[in-house]
Each structure stands twice: as structure tokens, then as C-alpha cells.
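For reference, the structure is listed below as C-alpha cells.
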Amino acid sequence: DGSIDPDEALLGPKEKALSLLRAMKADGSRIKPNVITYNAAIRACAEAFDMDQAFALFEDLKEQGLEPSVVTYGSLMTACERVGNLEAASKVMRTMREEDGHVKPNEVIFGAAISCCRKAGEGDRAYVLLQKMMKEGLSPNTATFNTALMAQFEGKADLQAAVAIYKLL
């Protein structure tokens, strides 16, 4: 009838996404979640700064026999970036390379990883990732270059790396 449940209206995007996913997974549901459904829920968790829930959904997706896509990994990397968890970001990259060789990191994934390095005060790692990104034939956008450049001045300043990044730009 188009009416909105008052309790549902109070839920944020993450809670709505998780509620929908639970309903789809429930016994008797005629609609089952797919990778797109999981991607949306993982992204909602990322936007809510809930990295742990994003990783739990990623594991659930795999347990359901679904194949993660580049969007799945991008959303997972965004969850890591939002909270500045470099260890988790490295885990995403490792998982893509070791467990799921058919999905390659794209500009979005590298950009989020570089931003994560900046938030973690790891300018040297941001520079290494930028170089790796370019070596893999990807084209960083201006925002990615700026993020890598700013990372050189946050934490311990590295003027030489900043100049090298500027020259790459």
C-alpha cells in the first residue's frame, strides 16, 4: 500500500540493508540475495564506518557460494579506508591477489587504499601503492595523486617523495 513502517523509517541505511538481507535469507523467502545485494549491504556498512560488519558480510557472501566482484572488493576497501585500518586494507589486496585472482584492483580500490595509507600516517606506503597502480597500467585521477601527495606531509614529512609524486602528476 506504499505506507512506511514507522520503525523502518527510523533505521539508517546500514540497518535497512542488513534487515533486507536477513529477510531475503529467511526460510520461505522467494527472493534470495545475490552479489549485488551483498555489495549494497557491504557499502552501507562502509558508509556507517562499520568495517567489522562489512568483513562479516564478505565472508557470508562467500559462504553462500557467491563470487565477489570488483564492486565487492571496492566496497570492502572503502570500509577499511573510512576507519583508516591499513592492516585490513592489506588483507583486501592479498585476498584479491591470492584467493580471487580473476578480480584485479582498479582505480577505485587503489584510490581507497592510498587514502587509507594517508589516514594511517603511512605516506611511504601511499607512494608505493601509487607507483604499483601506475605499473599495473591504471591511471590515477587528480584526487588520488592529491591524496598520495598529502600523505607525504602528514605523519613524517617526505619532501623527496612529494616531489616525485608531483613529477608523476
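Read-outs throughout are calculated quantities, based only on the coordinates presented, and are distinct from any laboratory measurement. For clarity, every value in this text was computed on a predicted model and none was experimentally measured. As a convention, Cβ positions derive from the backbone with ideal geometry for all residues, glycine included, and neighbour counts pool all protein chains shown.
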Inset, instruction - Once you have the Cα-Cα distance between LYS104 and LYS62, take 0.36 nm times their residue separation minus that, and quote the gain in nm to one decimal. - result: 13.4 nm
Inset, instruction - Describe numerically, in nm with one decimal, the distance between label points set 7 Å from Cα along Cα→Cβ at PHE49 and at ASP124. - result: 2.9 nm
Legend entry - Degrees between helix 86-98 axis and first principal axis of the chain (Cα, 0 to 90, nearest 10): 80 degrees
Inset, instruction - Using the charge dipole of the chain (Lys, Arg: +1 at Cβ; Asp, Glu: -1 at Cβ; taken about the Cα centre), state which of GLN152, ALA113, LEU21 has its Cα farthest towards the positive end. - result: GLN152
Legend entry - Computed over segment 14-169: relative contact order in percent, which uses C-alpha pairs under 8 Å that are six or more apart: 15 percent
Legend entry - 0 to 90° range, to nearest 10: angle between helix 13-25 axis and the chain longest Cα axis: 50 degrees
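Which FRET efficiency value, to the nearest 0.05, do you get for GLU136 and MET24 by plugging their Cβ-Cβ distance into 1/(1 + (r/R0)^6) with R0 = 35 Å? List each step's numbers first, then the result.
Working: r = 36 Å, r/R0 = 1.02.
About 0.45, to the nearest 0.05.
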Inset, instruction - Quote the charge dipole size of segment 57-169 about the Cα centre in Debye, to the nearest 20; the model charges only the Cβ of Lys and Arg (+1) and of Asp and Glu (-1). - result: 440 debye
Legend entry - Set LYS104/LYS135; LYS135/LYS167; LYS14/LYS62; LYS91/LYS135; LYS14/LYS132; LYS104/LYS132 screened for pairs whose C-alpha atoms are more than 24 Å apart: LYS14/LYS132
Legend entry - Given the chain, longest segment not containing exposed loop trypsin sites (Lys or Arg not before Pro) (DSSP; at most 10 other Cβ within 10 Å): 31-155
Legend entry - Along the chain, longest interval not containing exposed GluC sites (Glu not before Pro), exposed being DSSP loop plus at most 13 other Cβ atoms within 10 Å: 1-98
Legend entry - Helix axis angle, 142-151 relative to the chain longest principal axis, alpha carbon, degrees: 70 degrees
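Classify segment 79-169 as rounded, prolate or oblate from the Cα gyration tensor: take a ≥ b ≥ c as the square roots of its eigenvalues, call it rounded if a/c is under 1.5, otherwise prolate when a/b beats b/c and oblate if not.
Numbers: a/c = 2.18, a/b = 1.38, b/c = 1.58.
Oblate is the answer for segment 79-169, as a/c is 1.5 or above yet b/c matches or exceeds a/b.
Indicate the gyration tensor shape class of the chain (rounded, prolate or oblate), computed on the Cα atoms with a ≥ b ≥ c the square roots of the eigenvalues: a/c under 1.5 is rounded; otherwise a/b larger than b/c is prolate and the rest oblate. Intermediate results must be reported in sequence, preceding the final value.
Numbers: a/c = 2.88, a/b = 1.99, b/c = 1.45.
Cα axes put the chain in the prolate bin.
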Legend entry - Residues of segment 38-65 with amide N under 17 Å of the 7 Å Cα→Cβ point at LYS32: 38-39, 60-65
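Grab the DSSP H runs of the chain that are 4 residues or longer, score each as -39,500 (n - 2.57), total them, divide by all residues and round the 222 nm result to the nearest 500 deg cm²/dmol. Could you put the intermediate results ahead of the total?
Working: 10 runs with 116 residues, N = 169.
Using -39500 (n - 2.57) per qualifying helix, the result is -21000 deg cm²/dmol.
How would segment 9-72 be classified by its alpha-carbon gyration tensor: rounded, prolate or oblate, with rounded meaning a/c under 1.5 and the a/b versus b/c comparison settling the rest?
Working: a/c = 1.93, a/b = 1.07, b/c = 1.80.
Oblate.
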